[in-house]
Amino acid sequence: MRGRKAKANEVRVTVGYCRVSTREQAIDGGSLPAQENRLRALAEADGRPIRRIFVDAGYSAGSLKRPAIQEILTLVREGTVEAIYCSKLDRVVRSLADLLAVVKLLQKHDVALVSASEHIDTGTAAGRMMVSMLGVIGEFERERLPERIKDVTFDKRQRKQVYCGSAPFGYKRQGSALLEDAAEQKALAVMRSMHGDGASYRQIAAWLTDNDYPPKGSAWYAASVRAVLKSRMSVDSSNAKVA
C-alpha cells in the first residue's frame, strides 16, 4: 500500500458517502436513504460490503469543509479505508481543484473512489483518467457560463428581442415591452417626409417644437433630429423586449 504503511493486523474497510444540500433536504427527505441503498447494493455486487455510511445533510459540495467528508479523509490518511462509494461525483466535490486534490490523496493511500452514476472506479488507471476529464469539463462549463449568457444577450439585442436603455423617440415602455407610441410614430412619418422633401434637420426640429412633441432630451436640435432619423428604431415598427 502506498502512503502510510498499514499495520499487520489492520483491516481496511469500504465506506459510503451521502450528501444532500439544504434545498434538497427540504424538498425530498428520502434522498439520503435512496443514496445509501444504492451504494450498499453496488458495493455488495463489487465484493466490497460497506461497513459505515457517512452523511453530510444540508451541505453544499462547493467546499470540502463538511464534517463527514473531513472525517473520511482523516481515515484515509490513517490508512483504514480501502474504498469510498458515492452516488455521484458532485456529491463529494464540485471544483476541479478540490477534485484533483482528493483524487491525489486517495491515490497516495491506495484508496478507490467509486461513483455509481458515472460508473467510475479510481482504483483503476482508466477510472482516474475519467474522473480527471470530468473535472476539467465541469470546470470549463462553469467558466463558460458568463460567456454564454453574454452571447445570448448579444444575440437577442441583434434580433431586437432585448432593448437596453431608455425608450427611443417613437416608442414607449409598457411593462417589459417596448411598444410603438402612436403620436410619436405619426411625427416620425412627418419627419421622414420632410427630410425626403429636402427640409433641413434644423427645420424639422423647429416643426417638432412648434407642434409640442416633447424631445427625449432637453430640446430639439438639428443633431437630435438627425440621430432619430438615422436610428434603426425610427423605421422599425416591430415590438422589442426590454432588459
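The values are calculated or read from the model by the stated rules, or taken from the named source; none is laboratory data. A quick note: this is a predicted structure, and the numbers were derived from the prediction, not measured. Using ideal geometry, Cβ is built from the backbone for each residue, glycine included, and neighbour counts are taken over all protein chains shown.
The residue of the range 70-91 that is nearest to the chain's Cα centre (by Cα), among those that are free of Cβ contacts under 8 Å to residues at least 60 places away in the same chain and closer than 16 Å to H109 by Cα, is Q70.
Among the residues of the range 1-40, write down those that are more than 28 Å from G79 (Cα to Cα), in contact with an Asp or Glu (Cβ under 9 Å, 6 or more places away or on another chain) and modelled with pLDDT under 85. The one that is more than 28 Å from G79 (Cα to Cα), in contact with an Asp or Glu (Cβ under 9 Å, 6 or more places away or on another chain) and modelled with pLDDT under 85: S31. Number of residues in the range 184-199 that are over 12 Å from V228 (Cβ atoms) and acidic (D, E): the value is 1. Return the residue satisfying two criteria in turn: it lies in the range 92-138 and is under 23 Å from the mean Cα position of the chain (by Cα) and acidic (D, E), and of such residues it is nearest to A61 (Cα to Cα). Out of the qualifying residues, it is D98.
Scanning the range 76-96 for residues that are surrounded by 19 or more Cβ atoms within 10 Å (Cβ to Cβ), assigned to a helix (DSSP H, G or I) and at pLDDT 90 or above yields a count of 3. Just name the residue that is nearest to the chain's Cα centre (by Cα) out of those in the range 207-235 that are surrounded by fewer than 15 Cβ atoms within 10 Å (Cβ to Cβ) and either of a type in the set (G, A, S) or not assigned by TED's automatic domain parsing to the domain that holds Q185 (or both). So, considering only residues that are surrounded by fewer than 15 Cβ atoms within 10 Å (Cβ to Cβ) and either of a type in the set (G, A, S) or not assigned by TED's automatic domain parsing to the domain that holds Q185 (or both), the one nearest to the chain's Cα centre (by Cα) is S231.
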